[in-house]
Structure formats: structure tokens, C-alpha cells
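Report on the following structure.
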Amino acid sequence: MLNEKHPIIANGELYVEPIRKKTGPMVKRIPNDYPIAKQNMIRYIEHIFEQVQRQEEIFLDEKVICVRMEPKFEAKSYVPTSIIPDDGSLEIIGGRKYRIESTAESEESTGAKLYFVKATDWGLSNLKTILEKGLKDSVESWRNQIGSIRSMDLLSRDEKIMGFPDDWDSGTVEIILHPMAGETEEMISLFRNTSKLPEDRMIIRSYDNGPTFISAICSKDEVVKISALNPLRAIHPMGQVSIAPIRILPSNSTPQAPDAKKKSKITVGVFDGGVAESVPLLSKYVTAIDCVSEPEDAGYVEHGTGVCGTILYGNLAGRSSTNKLEIPPVSVASYRVLPIKNRLDFELYEAIDAIEKVITGQSEIKLYNLSFGPVGAIVDDSISRFTYVLDLLTYEVADSDINPLICVAVGNDGECDYPHNRIQSPSDIVNGLGIGAYTYAADGSKTRASYSCVGGGREGAKIKPDILEFGGSVDRPFILVGARPNTLSTSAGTSFASPLVVHKIGKLMAKSNSIIPHIGRTLLIHTAQKCGTLTQDEQGFGFCLDNVDDILNCEDNRVTILYSGVLDSSQTIKLPIFAPKINDAKGNVTITWTVSTIVNPNVNDPDAYSCNCIEDTFIPHDMTYNFTKRGSSKKLNLLKPDHVMQVKGLLDNGYAKSGFPVSHPAKKYWNETDLRAVDLKWDTVIRKSVTMRGSSILNPALTLHAIGRNGFDTQKIKYFTAITIDAPKYGGALYDTILQQYQNLAPIEIRNINRVLVDIR
């Protein structure tokens, strides 16, 4: 009988093959004539020296200058390394986008890339001398890079001040200073002397090879004063922590706690405002850990209790005192990280400190929830400390080669005007999940909750939120475990959509040992369902499936295969898409693939935040090739006799056969700008789908090519992939045919939850 349910299939990586990918740099016309560009560079350097002489008090011995590239020169092959000597007198320390305002030739502003260069006086003088004397005029790479530079200057005050509303007068800000190795202490001293801020109004945190972050309470005038500093990269407001209001329900509605004497050995970490661990629904399954010394706050505890209860039981709507709950699939470690006595915003830095300490010191917990953060939309050209820390911890902390997964609520300001309705830090993470909320429309259909913040995200995760999960609404509230004994609570917010996702990932892990957190991340995105009436910025990859069993199972002719592994830098591999006899299938066949990665974040360059990525290429038919000659191209299926007859004539006529079969779609002629905007190059998640006639598919495959940015091109990259082939009119059962032909593949083991239970001590 067709359409039976079967476990998804694992071990796809056992059939992965390394291949060689032919690459060549795209030749781009250099926009500026070298003689003119050279003279301009000399004038730029002279002007920088003049500015330094006028305001020496805002500079360190080493200055930070901006090298601004012409538009569409953002690919790594155009990084201006030719002007950087080996003696350290000039050093690239980061980058970002900048805007070129409209001109008579262009009605719209244009984005382009700038690089921050740390420079000594001698380094700038030496560069000027090389230009004046023409010492490198004969070097082609030098001429090309000088010709692709638009200008060289100092970052303006307006470019440093980001995200402040017009009516902002004072509050907490985050100040980001450039990485100034060797002068960090001098830089902090310069900041103190210039800002005149008292020590009790700021917290300072520095990172090796990274920037210095300062959380401080400032007035508008103080922001303007700070913005003059040359080592300053950015300053932006940091809103207060806001939690969703919670209403207590009558006690007689509370369901009964499980009466078993066991709990799950899978533990999930929660960072929040504490938990009422003694309430009967939580007492056996939650451990409370105080990471701050301030006394508990009732409102924070209510919030944290609701979050913990959601991770254990999900949404309790429809449950009453007549219902006895099942043993949760996970246990919870609740880390109280929110100070509540002094609510000055910079205290969020203390919460971040606590989170860093917990994750680096905790080897057993691999899944975390975070349902709070500073109110305020992300700023494209500035990475918050909160976001950077979570991405870095995900990348660096791996026990038994398993990296932690952090799920973050995107925020509840979705009803504000753009851009204030954009997702909030740290949900812009690239190595985790940023989760928005949906609710139900009057007709019963799912729709984005109006309060749920929208995307897009930034470079590395341009699709945000990642997914939507039920978060409740006034008409249909989220039902939570209450902080008082024998009570439930109601609320609505992304604060509860996020732990509901964590609940589902935890359940996936409990049901199968094959599911580790980042495979869970991949599967949730892979199976998310799009709503045709919502934009991508509203829904991300789509709505999370209600039932995890639908994520773990396939059908006879709709089969999902899992692959995972590690790619070396610049390595290319071929993932076979297991579809024997698919060429004989009638009707359309849909192939969907999702690839997620874990990358090293580069906080010094928001425009290049993800240091590594994977380029995917779909090959539908392994016997179809392109034959090209000076811009002319012919596509031939080498299984068709009439096409085979053409091959010799083409080759004799100067045509060349492509090294790989024809891909779908072709990316050959895309520039870096298009690859980023259309193909989402450098993002940590790829999800694509192709529908074709079965007769046009033969031995399909997906190739994955690892890429590293300059300075990070030796790093390995972890990948997790799910591929689904849906062939409703396949002759027979595709699932069985795959397993018969590829005997190293195996259905994942789906286990009873009792297999993950241990005695409660």
C-alpha cells in the first residue's frame, strides 16, 4: 500500500564523492584610469594628514582610515591587499558597507564596500611616496586595485552614529571601538578622557583580535562628543529588556503533573529571569541556577517559568485538571541571568558575561533558549556584542564534535513602523535560530502575529526570522505554566514561540539518537511551510510543522535523506540524490534541499560577518552538457542519438565540452552582488526547491563547494543537509527502491521516550 509512513533516511554522507571544481576569476573592467586614480590617492593621503594635524587629540599613534571601493567590487578578490605592506605599517582590521548618494547619472543611492585600515604615519607616508615616484606603476595587480578604489578618508561622525530615533535624548548605548592590538589600553584611556563618562555609567569588554564593546548611559551631547573619536567604529542605542505581560488563570484549570519517578537525560538550557521550580508541573524536571546575585523579581520569574514550562510541555491550551501530562521529552536547567535591582540597560552586559561562562563551562547541554534581549531593531552595519557572543560560542564550543544550538525570540515590536519593526538583537545570529510568532486568522489559517518583528537579516543570515512558531494572540492566547502553585497563565509573544521550537527540537532528539541540535535546526527549516500571502521578511523560511512525527517521517514516494560532514577550505563534494529509475517517473518531480552550516563570525566586518560559506549547485541530469564557443552555447543530452551525432561536429568546429553536467539554474555569469542578493551567497542556511519533469532527471546530484573569505580561507566548515525527492507518480515505492539499491543508507531509529529517561534522584 502506497503512502505509508517511514522514518527519514540517514548516512547519505557515506556516498559523498570529492570532485574538482574549475574556477576562474571574473574579469571586471577597472572603473578608474590609473594615472588619475593615483593622483587622487595622493590627495586623499594629504587630506588625511591635514585632518590629523587639526585634531590630534582624537587620534592614537595608529590611525583608522577608510579605503572605499567602487560599487560591485566587494568580492574577496578585490580586497585592497596590494597597498598593504608586510611590515605592519598598514593593516586591514575590518570593513562594512557604505552608501554612495544619488547623482546626476544615478537617481538611486548605491551600496559599496569600505575597508578599515589601521595605519601608522610612516605607513601612509610610504604609500604616498610609492605613488608619487611610480615605484609600482608596472605591477598590474597594484594598478587594478588603485583603479578600483573610489576614495580614502576618515569615517565621518554621521557614519558612526547609527539607529537613533529623532526624539532620542538619553539612554543606554553600545559603543564599538576598532580592534587596535597593541593599543587597546591606550584606546580605552582615550575614550575615557574624551567622553568624561563616570565609571559607574559604563561597562567595557574587549575580545582578542576583535573590537572593544562598551555599554554606557549617555546623553545626546555625549554621543556627539564620543563620535569624534577616530578609533570609534559605531555607536547605537540599546533598548531596555522587555518581557511579555502575563495574566494568571484560575487554579482549577491546571492539568495534573506526571507521576513517574523518571526524567529525560536530555537537558535544555534556559537563560531568563528565573523560575518557580517548586510548582508541581516543574519540580521534578527543572533545576534552577542563579547566575546573578540580585534578588528575584516576580515579573521575571513569571516569564522564566512560562518559558521553562513551554519547553517541557509545549502550549497547554485545551488541557485541564482532568488531564495528566506525560513525562517531558527533555529536562531544563534554568539559568537566572537577569539583574533586577538596578535596571540600567548596561547591566545586560552582565547577563552576557553569565551566558558566556555557562556555555563555555557546560559540556552536556547542547540546546539553549533565549527569550529576551534589548529592545530596538538591528542596525545593518553594526554587530552587537550579544549577537557576536552567541555566534562565537556556537562555533567554538563543541563537545564530542557537537556544537550548541541557541534559539532566540525575534522581538515583539512588529507593529512599529519600518525599520523599527525589524528583528532585534541577538536574534540576528547566523549560527542559530531567530524565531518569530504566528497566530490564527478569523478563517482559521495561520498568519504572522502582528507583534512579531520582521526581517530581513544581515549578511550571513539575510532571511530572518528563520521560522515562525505559534506565539498566541489576544483572541487565542498561549497557555503557560504559572509561577504560583496549581495555576496556569496566559500571554502572547515571540518569547513563547521560541521555547516551543526548542520543545520540538528536544522532542526530535528524544525520539531519535540520529538527531543532534543542528540537524534539528536543518529539519525544521527544511519542512517549514510557506504562506503565499506573506512576504519572506514576515515569515522567513515558513511556519514550523505542528507535529514532529511529520518531520521524522517520509512517505513511499516522498523521501528525505540526511547528510552531514566537514568540508576543507575550497573543497567540492558531490551529494548523490538517491532517485533510481526517476527518469521513468510520470509527471513532475520536486527536489528540495536545505543546507545549514556553522561558521566563524568576523565581528570586525558586518558585510563579511560569515567567514565561510557553501555554494550549492544542483545537477538534474548527469548526461546533459554544455558545448561553448566564444559566447555561443549548445546544450546536448548525450543519451539522445541525434544529440550524440552533433558532438563531433561541434568539437571539430572549436566548441569545448563543459567539465560538469549542466546545472539548474546556471550561476556562471552572476557577479558577487547578484550571488549575494539572489543566491544568498555567504548565508549559513540554504533552502531551495526545483520542480521538473521526471523524464528530464537522471542521477541527480547536489554539489557543495566550500569558500573562505580572505584570512579565513584555511578553515573547515561543518554542514548539515536534508534532501527530499517528491515523485507522486513514481512507479512503485521510491523509499523501498532507494534502500534496496543503496544498502549503506538506513532509516533513522525512532525510539520510545522511555529510552532517554533516568531515575530522579
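Would you pick out the residues in the range 517-559 that are of a type in the set (S, T, Y) and either modelled with pLDDT of 95 or more or more than 27 Å from S450 (Cβ to Cβ) (or both)?
T522, T527, T535
Under 8 Å by Cβ, and 6 or more places apart or on different chains, what pairs join a residue from the range 206-227 that is within 10 Å of R385 (Cβ to Cβ) with one that is β-branched (V, I, T) and in a loop (DSSP other than H, G, I, E, B)?
Hits for this filter: Y207/V603; G210/V603; P211/V603.
If we keep just the residues of the range 149-163 that are buried (at least 20 other Cβ atoms within 10 Å of the Cβ) and either assigned to a loop (DSSP other than H, G, I, E, B) or small (G, A, S) (or both), which is modelled with the lowest pLDDT?
Filtering first and then ranking leaves G163.
Output the residues belonging to the range 409-432 that are in contact with a Pro (Cβ under 8 Å, 6 or more places away or on another chain) and of a type outside the set (G, A, S).
Residues satisfying the conditions are V410, H420, I423, Q424, V430, N431.
Please specify each residue of the range 673-705 satisfying the condition of being under 14 Å from I619 (Cα atoms) and aliphatic (A, V, I, L, M).
Answer for the range 673-705, where residues must be under 14 Å from I619 (Cα atoms) and aliphatic (A, V, I, L, M): V690, M692, I697, L698, A701, L702, L704.
Which pairs do you get when a residue that is among the polar types (S, T, N, Q), found in the range 185-203, comes within reach of a residue that is assigned to a helix (DSSP H, G or I), reach meaning Cβ atoms under 6 angstrom, with the pair 6+ apart or on two chains?
S195/I226
Inspect the range 225-235 for any residue being charged (D, E, K, R), in the same structural domain as S195 (by TED's automatic domain parsing), in a helix (DSSP H, G or I) and at pLDDT 90 or above and give the result as yes or no.
Of the residues in the range 225-235, the ones charged (D, E, K, R) are 225, 233.
Right, trim to in the same structural domain as S195 (by TED's automatic domain parsing) and you get 225, 233.
Still in the running and in a helix (DSSP H, G or I): 225.
Next, from what is left, pick out any that are at pLDDT 90 or above: 225.
Yes, the range 225-235 has at least one match.
Can we say F49 is crowded, with 20+ Cβ neighbours inside 10 Å and either free of Cβ contacts under 8 Å to residues at least 60 places away in the same chain or of a type outside the set (S, T, Y) (or both)?
No: the conditions fail for F49.
Checking the structure you have, find out if any residue of the range 735-742 is under 30 Å from K530 (Cβ atoms) and among the β-branched types (V, I, T).
Yes, some residue in the range 735-742 is under 30 Å from K530 (Cβ atoms) and among the β-branched types (V, I, T).
Mind telling me which of the residues S283, S242, S320 ends up being within 25 Å of N547 (Cβ to Cβ) and among the hydroxyl-bearing types (S, T, Y)?
Working: S283 fails: within 25 Å of N547 (Cβ to Cβ); S242 fails: within 25 Å of N547 (Cβ to Cβ).
Exactly one residue qualifies, and that residue is S320.
For the range 164-177, how many residues meet the condition of being crowded, with 19+ Cβ neighbours inside 10 Å and either in contact with a Ser or Thr (Cβ under 6 Å, 6 or more places away or on another chain) or in the same structural domain as K97 (by TED's automatic domain parsing) (or both)?
Within the range 164-177, residues that are crowded, with 19+ Cβ neighbours inside 10 Å and either in contact with a Ser or Thr (Cβ under 6 Å, 6 or more places away or on another chain) or in the same structural domain as K97 (by TED's automatic domain parsing) (or both) number 2.
Out of the range 418-428, which residues are modelled with pLDDT of 95 or more, in a loop (DSSP other than H, G, I, E, B) and of a type outside the set (S, T, N, Q)?
Hits for the range 418-428 are I423, P426, D428.
Select from the range 178-202 the residues that are exposed (fewer than 15 other Cβ atoms within 10 Å of the Cβ) and hydrophobic (A, V, I, L, M, F, W, C) and list them in ascending order.
A181
Inside the range 60-83, can you point out the residues that are under 23 Å from T184 (Cβ atoms) and surrounded by 20 or more Cβ atoms within 10 Å (Cβ to Cβ)? I'd like the intermediate steps shown before the answer.
Restricting attention to the range 60-83, the residues satisfying the condition of being under 23 Å from T184 (Cβ atoms) are 60-67.
E62, K63, V64, I65, C66, V67, listed by residue number.
State whether one or more residues within the range 323-339 are in contact (Cβ under 8 Å) with a residue 24 or more places away in the chain, among the charged types (D, E, K, R) and in contact with a Ser or Thr (Cβ under 7 Å, 6 or more places away or on another chain).
no
Limited to the range 42-97, what total is found for residues that are more than 16 Å from S148 (Cα to Cα) and assigned to a loop (DSSP other than H, G, I, E, B)?
The total comes to 10.
Check L636 against each of (1) outside any loop (DSSP other than H, G, I, E, B); (2) buried (at least 18 other Cβ atoms within 10 Å of the Cβ); (3) under 34 Å from the mean Cα position of the chain (by Cα) and name the one condition it does not meet.
The number of the failed condition is (3).
Per-residue answers, yes or no, for (1) within 23 Å of G274 (Cα to Cα); (2) under 18 Å from the mean Cα position of the chain (by Cα); (3) at pLDDT 95 or above; (4) surrounded by fewer than 24 Cβ atoms within 10 Å (Cβ to Cβ):
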{"site": "E356", "(1), (2), (3), (4)": "yes, no, yes, yes"}
{"site": "D381", "(1), (2), (3), (4)": "no, yes, no, yes"}
{"site": "E396", "(1), (2), (3), (4)": "no, yes, no, yes"}
{"site": "N431", "(1), (2), (3), (4)": "no, yes, yes, no"}
{"site": "G444", "(1), (2), (3), (4)": "no, no, no, yes"}
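Taking only the range 261-276 into account, find how many residues are in a loop (DSSP other than H, G, I, E, B), crowded, with 19+ Cβ neighbours inside 10 Å and among the charged types (D, E, K, R). Break it down stepwise before answering.
First, pick out the residues of the range 261-276 that are in a loop (DSSP other than H, G, I, E, B): 261, 265-266, 273-276.
Adding the requirement that they be crowded, with 19+ Cβ neighbours inside 10 Å leaves 266, 273-276.
Of the ones still in play, those that are also among the charged types (D, E, K, R) are none.
So the answer is 0.
Would you point out which residue out of S278, S283, S253 is over 34 Å from the mean Cα position of the chain (by Cα), assigned by TED's automatic domain parsing to the domain that holds S512 and free of Cβ contacts under 8 Å to residues at least 40 places away in the same chain?
The unique qualifying residue is S283.
Can you say whether K128 is among the basic types (K, R), surrounded by 14 or more Cβ atoms within 10 Å (Cβ to Cβ), part of a loop (DSSP other than H, G, I, E, B) and outside the structural domain of G210 (by TED's automatic domain parsing), as far as the supplied structure shows?
No; evaluated as a whole, the condition is false for this residue.
Is it true that some residue in the range 493-514 is among the aliphatic types (A, V, I, L, M) and part of a loop (DSSP other than H, G, I, E, B)?
For the range 493-514, residues among the aliphatic types (A, V, I, L, M) and part of a loop (DSSP other than H, G, I, E, B): absent.
Under 6 Å between Cβ atoms, which residue pairs at least 6 apart in sequence (or on different chains) link something in the range 67-81 that is more than 23 Å from I48 (Cα to Cα) with a partner that is surrounded by fewer than 18 Cβ atoms within 10 Å (Cβ to Cβ)?
Pairs found: K72/T673; K76/N710; S77/P25.
In the range 311-334, what count of residues is obtained for those that are of a type in the set (S, T, N, Q) and under 22 Å from R755 (Cα atoms)?
Summing the residues that are of a type in the set (S, T, N, Q) and under 22 Å from R755 (Cα atoms) in the range 311-334 gives 1.
Please determine whether any residue of the range 131-141 is at pLDDT 95 or above, within 25 Å of N32 (Cβ to Cβ), surrounded by 19 or more Cβ atoms within 10 Å (Cβ to Cβ) and not assigned by TED's automatic domain parsing to the domain that holds D380.
Scanning the range 131-141 turns up at least one residue that is at pLDDT 95 or above, within 25 Å of N32 (Cβ to Cβ), surrounded by 19 or more Cβ atoms within 10 Å (Cβ to Cβ) and not assigned by TED's automatic domain parsing to the domain that holds D380.
Hey, any hits in the range 458-477 for a residue that's without any contact (Cβ under 8 Å) to a residue 24 or more places away in the chain and of a type in the set (A, V, I, L, M, F, W, C)?
yes
Please list, ordered by first then second residue, the pairs with beta carbon atoms under 8 Å, 6 or more apart or interchain, first in the range 689-715 and at positive phi and of a type in the set (G, A, S), second surrounded by 18 or more Cβ atoms within 10 Å (Cβ to Cβ) and at pLDDT below 95.
Listed by first residue and then by second, the contacts come to G711/C611.
Just for the range 99-113: of the residues that are surrounded by fewer than 22 Cβ atoms within 10 Å (Cβ to Cβ) and either within 24 Å of the chain's Cα centre (by Cα) or modelled with pLDDT of 95 or more (or both), which one is nearest to C611 (Cα to Cα)?
Among those residues, the one meeting the criterion is A112.
Please go through (1) of a type in the set (S, T, N, Q); (2) part of a helix (DSSP H, G or I); (3) crowded, with 16+ Cβ neighbours inside 10 Å for N315 and return the number of the only condition it doesn't satisfy.
The number of the failed condition is (2).
The values are calculated or read from the model by the stated rules, or taken from the named source; none is laboratory data. Keep in mind the model is a prediction, meaning the values are calculated, not measured. Quick reminder, even Gly has a Cβ in these numbers, built from the backbone with ideal geometry, and neighbours come from all protein chains shown.
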